[in-house]
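The values are calculated or read from the model by the stated rules, or taken from the named source; none is laboratory data. Quick caveat: nothing in here was measured; it's all calculated off a predicted structure. No Cβ is skipped: glycine too gets one built from the backbone with ideal geometry, and neighbour counts run over all protein chains shown. Protein only, heavy atoms only, side chains kept; ligands, DNA and RNA dropped before computing areas. Shrake-Rupley method; radii C 1.70, N 1.55, O 1.52, S 1.80 Å.
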Amino acid sequence: MNFDKYFTMSEADAALYAKTKLDFFGKDEELVCKEIGDGNLNYIFKIDSLSTSKSLIIKQSGPVARISDEFKLSADRNRIEYEILKYQSTLAPGLVPEVYSYDPIMNCTSMEDLSDHVIMRTEMINHKQFKKFADDITTFMVNTLLLTSDVCMEHKAKKELVKNFINPELCEISEDLVYTEPFSDINNRNDIFAPNVDWVKENIYSDEALKLETAKLKFDFMNNAQALVHGDLHTGSIFIKEDSTKVIDPEFAFYGPMGYDVGNVIANLMFALANAQAYEKAEQIKWLEDTIVEVIDLFKEKFSKAWDEKASEYTAKYKGFKEYYLDTVLRDTAAVTGLEGIRRIVGIAHVKDITSIQDEEKRTKAERLCMLASKSFIMNREELKTGKDFLEVIKKTTVKL
Ligand code: SR1
Ligand code: MG
């Protein structure tokens, strides 16, 4: 087997690939391989040497999504992921995994094994806290977003990146699953928890004012080539341990609104908070509330400082422009918090923070809380300027069953 024609690898194939195609393990090392992916799109092979402590990850993209054959996807997402991880490691050193190789025939990338870290969503469900998270994720977002925007980049170089990272098929998934289907009771693949079906009809599908705002936001997502966004920055795309945070899986990356990333982080903290409330975990609730406030406030602080130090566009230095621009990013952050907050409950791609809540009444309540707070994030997005404002939206939301 030469791996000179694409096929979807088995565990044994991936081990052979690692041994014969990658310059990583010794020729005589015995390898074991396990497919460990639980995401919606790809296959993740973990390969361990039995004789040394060496290990690596091979991520392979297939022609369709794992979650459903209905999603036919270009394997170019694997190139995008490889190139972005390389680029992000220069913008935010230490906050992404190291990538070793990319193979355009087998559509696979090999990279650092982060098995000493755990997926953050899993740790949120286990009610674990991470003191460095807000600091790390805000450094990652400010560096990867502001530094790839026209504020800091030479404009022709930025346009080259826009071209290189055009990602039509993965963007279409987000356009459909985040912006359209959760708000429409026809032509959707929605999957609603039975006790909330009627509630969604009444409070989401029938809310014409909300739907109008989602149309405006969808056009912004499709047309605002502001920065090189990660494009899927939820807690399943973050590996974490006490002293380290690594952002993985940037295959949805493209030039889009900065608020898309920040809003995804906040929404997924909200899901973790809804879970902690359902299980009455007081310490976890406190940590998540503080973290939501901190993520917004630290993002603003670091963004403002980086702007002062690194803005190169002449007009960006006009008095008042930085404040105007940051306000628009916060507005978009609030909107995306709401969009992600609704689509993970109503749409096809759920989050375990919510689906793992065993008690039916508590899950029903947690879902309604997220959806109601989300509506408020979308409708009142112009007014939210601080971490406290963001948290208040969630805290003021009450649900009676
Ligand atoms: C068909 S993919 C469904 C979802 O999984 C990914 O992680 C993205 O969030 C996408 O919307
Ligand atoms: Mg992913």
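Met1 falls short on exactly one of the conditions (1) open to solvent by 50 Å² or more (accessible area, probe 1.4 Å); (2) within 27 Å of Met153 (Cβ to Cβ), and that condition is (2).
The residues of region 341-370 that are within 29 Å of Glu301 (Cα to Cα) and aliphatic (A, V, I, L, M) amount to a single one, Ile342. Taken together, the residues in region 208-232 that are without any contact (Cβ under 8 Å) to a residue 60 or more places away in the chain and either in contact with a helix residue (DSSP H, G or I) (Cβ under 7 Å, 6 or more places away or on another chain) or within 16 Å of ligand 2 (Cβ to nearest atom) (or both) amount to 5. Scanning region 19-58 for residues that are within 16 Å of ligand 1 (Cβ to nearest atom) and of a type in the set (Gly, Ala, Ser) yields Gly37, Gly39. If I filter region 334-355 for residues that are assigned to a loop (DSSP other than H, G, I, E, B), open to solvent by less than 20 Å² (accessible area, probe 1.4 Å), touching a residue at least 24 places away in the same chain (Cβ under 8 Å) and out of contact with any Asp or Glu (no Cβ under 8 Å at 6 or more places or on another chain), do I get at least one hit? Scanning region 334-355, I find at least one residue that is assigned to a loop (DSSP other than H, G, I, E, B), open to solvent by less than 20 Å² (accessible area, probe 1.4 Å), touching a residue at least 24 places away in the same chain (Cβ under 8 Å) and out of contact with any Asp or Glu (no Cβ under 8 Å at 6 or more places or on another chain), so the answer is yes.
Just to be sure, is Asp76 in contact with a helix residue (DSSP H, G or I) (Cβ under 9 Å, 6 or more places away or on another chain), open to solvent by 10 Å² or more (accessible area, probe 1.4 Å), of a type in the set (Asp, Glu) and modelled with pLDDT under 95? Against the criterion (in contact with a helix residue (DSSP H, G or I) (Cβ under 9 Å, 6 or more places away or on another chain), open to solvent by 10 Å² or more (accessible area, probe 1.4 Å), of a type in the set (Asp, Glu) and modelled with pLDDT under 95), Asp76 qualifies.
A search for C-beta distances below 6 Å between a residue of region 158-181 that is open to solvent by less than 50 Å² (accessible area, probe 1.4 Å) and any residue that is small (Gly, Ala, Ser) and away from ligand 2 (no atom under 16 Å from the Cβ), counting only pairs 6+ apart in sequence or on different chains, returns Val162/Ala225. When the test is whether a residue is under 27 Å from Asn42 (Cα atoms), within 15 Å of ligand 1 (Cβ to nearest atom) and not acidic (Asp, Glu), Ala253 passes it. Determine if region 236-249 includes at least one residue that is within 12 Å of ligand 1 (Cβ to nearest atom) and free of Cβ contacts under 8 Å to residues at least 40 places away in the same chain. There is at least one residue in region 236-249 that is within 12 Å of ligand 1 (Cβ to nearest atom) and free of Cβ contacts under 8 Å to residues at least 40 places away in the same chain.
When Trp287 is tested against (1) assigned to a strand (DSSP E or B); (2) open to solvent by 30 Å² or more (accessible area, probe 1.4 Å), only condition (1) is not met.
Determine whether Glu81 is within 19 Å of the chain's Cα centre (by Cα) and either open to solvent by less than 50 Å² (accessible area, probe 1.4 Å) or farther than 22 Å from Asp176 by Cβ (or both). Considered against the rule, which asks whether it is within 19 Å of the chain's Cα centre (by Cα) and either open to solvent by less than 50 Å² (accessible area, probe 1.4 Å) or farther than 22 Å from Asp176 by Cβ (or both), Glu81 comes out as yes. Taking Pro104, is it within 19 Å of the chain's Cα centre (by Cα) and surrounded by fewer than 15 Cβ atoms within 10 Å (Cβ to Cβ)? In short, no.
Yes/no matrix, rows are residues, columns are (1) surrounded by fewer than 18 Cβ atoms within 10 Å (Cβ to Cβ); (2) outside the structural domain of Lys211 (by TED's automatic domain parsing); (3) under 16 Å from Asp261 (Cα atoms):
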{"site": "Glu323", "(1), (2), (3)": "yes, no, no"}
{"site": "Asp332", "(1), (2), (3)": "no, no, yes"}
{"site": "Glu361", "(1), (2), (3)": "yes, no, no"}
{"site": "Lys365", "(1), (2), (3)": "no, no, no"}
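When region 47-65 is examined, which residues are found to be open to solvent by 40 Å² or more (accessible area, probe 1.4 Å) and under 15 Å from Cys108 (Cβ atoms)? Matches in region 47-65: Pro63 only. Among residues of region 81-105 that are among the acidic types (Asp, Glu), those with a Cβ under 6 angstrom from a residue that is buried (at least 19 other Cβ atoms within 10 Å of the Cβ), sequence gap 6+ or separate chain, pair up as Glu81/Pro250; Glu81/Glu251.
For region 197-207, the criterion of being surrounded by 13 or more Cβ atoms within 10 Å (Cβ to Cβ), of a type outside the set (Gly, Ala, Ser) and within 16 Å of ligand 2 (Cβ to nearest atom) is met by no residue.
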